[in-house]
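Engineer: Take a look at the following structure, please.
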């Protein structure tokens, strides 16, 4: 049987010296507590998920070290997408340090929170992305819809760098909106080095009243544009718990792709992530 892989989840521990101030927002109160590997394990067992990929929450290399330590203790953590300072002269030294750990498999920057909407195409940031390309370290694009226009620029600047759009770039699912998102999403998909995570959708829908039918057209567009070989499942746990349980997220996507063939479903539920991040599973 192919491995089932959750390509996008997080941990946090509020007494660590990191900046968790974003969790202070009143609407985030349900997830303003510790979420650690032992909290995730029961959900993985319930859904038959074999492995996960942790994705950074901090612009701090110390989080990389903390989670790589967790990955040594919990075999289900197959990969860690960490952070390095792309704009810094230290970028390459940081990459060289973390690439020594076999479970360091990618980098992300929380681009959506940058005050400059053009952050990701700044010359110094593109230089950092070229360092990732040199070392073969994939990069996660965490965008709002307003940033999605930059995906093509980045993909062309670093054509050998595997890029993945997190959460479909957060389309306005609660508004059933497509017009501001779909053209740029389709353009990104025409770049062969760009992939897509089928993740983070329930929290872009109506948290209390979403249905699978709300998500279905977005999943269908993603599959039409990228194909199963460039799409991967991600739970976005524990953020997803604002709108749905881990089990609901997994089973909803599983149902939405139930009409595909077994090889296509296996790609979305694990094969694409394993290939994209070159996960050390064997």
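Engineer: Could you identify which residue out of 58, 90, 229 has the top mean-square fluctuation in a GNM of the chain using Cα springs shorter than 10 Å?
Structural biologist: 90
Engineer: Could you work out how far the C-alpha centroid of the stretch 218-282 sits from that of the stretch 164-195, in angstrom?
Structural biologist: Centre-to-centre (Cα) distance: 16 Å.
Engineer: Something else about it: Quick one: Cα centre-to-centre distance for the stretch 101-129 and the stretch 134-154, in angstrom?
Structural biologist: With the stretch 101-129 and the stretch 134-154 each reduced to a Cα centre, they are spaced 8 Å.
Engineer: With the chain treated as a Gaussian network of Cα nodes joined by springs under 10 Å, which of 21, 245, 235 yields the largest mean-square fluctuation?
Structural biologist: Checking each option, the largest mean-square fluctuation is seen for 21.
Engineer: How many nm separate the modelled label positions at residue 156 and residue 21, each set 7 Å beyond the Cα in the direction of the Cβ?
Structural biologist: It is 3.8 nm.
Engineer: Could you give the length gained by full extension between residue 144 and residue 174, i.e. 0.36 nm per residue of separation minus their alpha carbon distance, to one decimal place?
Structural biologist: Result: 9.4 nm gained on full extension.
Engineer: Next question. Say each of residue 110 and residue 206 gets a label point 7 Å from the Cα, pointing the same way as Cα to Cβ; how far apart are those two points in nm?
Structural biologist: 2.9
Engineer: So, in nm, how far is label residue 46 from label residue 213 when the simple model puts each one 7 Å beyond its Cα toward the Cβ?
Structural biologist: In this crude spin-label approximation the distance works out to 2.6 nm.
Engineer: Could you work out the relative contact order of the chain, using alpha carbon pairs under 8 angstrom and six or more residues apart, expressed as a whole percent?
Structural biologist: Once divided by the residue count of the chain, the mean separation gives 21 percent.
Engineer: Under 19 Å from a point placed 7 Å out from the Cα of residue 101 along the Cα-to-Cβ direction: which residues of the stretch 138-164 have their backbone N that close?
Structural biologist: What the label zone holds, given the 19 Å backbone N cut-off, is 138-140.
Engineer: Contour minus end-to-end for residue 88 and residue 118, with contour as 0.36 nm per residue of separation and end-to-end as the Cα-Cα distance?
Structural biologist: Residue separation times 0.36 nm, minus the Cα-Cα distance, leaves 9.1 nm.
Engineer: Moving to a separate point now. Who wins for biggest fluctuation among 155, 187, 71 in a Gaussian network model of the chain, springs between alpha carbons below 10 Å?
Structural biologist: Highest fluctuation of the listed residues: 187.
Engineer: When the helix-only estimate is applied to the chain (DSSP H runs of n ≥ 4, each -39,500 (n - 2.57), divided by the residue count), what is the mean residue ellipticity at 222 nm, nearest 500 deg cm²/dmol?
Structural biologist: Result for the chain, helices only: -10000 deg cm²/dmol.
Engineer: Also, quick follow-up: For the chain, what log10 I(q)/I(0) values come out of the Debye formula at q = 0.08, 0.12, 0.13 1/Å, with one point per alpha carbon and no solvent?
Structural biologist: Once normalised to I(0) and log-transformed, intensities are -0.29, -0.70, -0.84.
Since every read-out is calculated from the coordinates, none of them should be taken as a lab result. Small disclaimer: the values here were computed from a predicted structure and weren't measured. Neighbour counts are summed over all protein chains in view; Cβ atoms, including those assigned to glycine, are modelled from backbone coordinates with ideal geometry.
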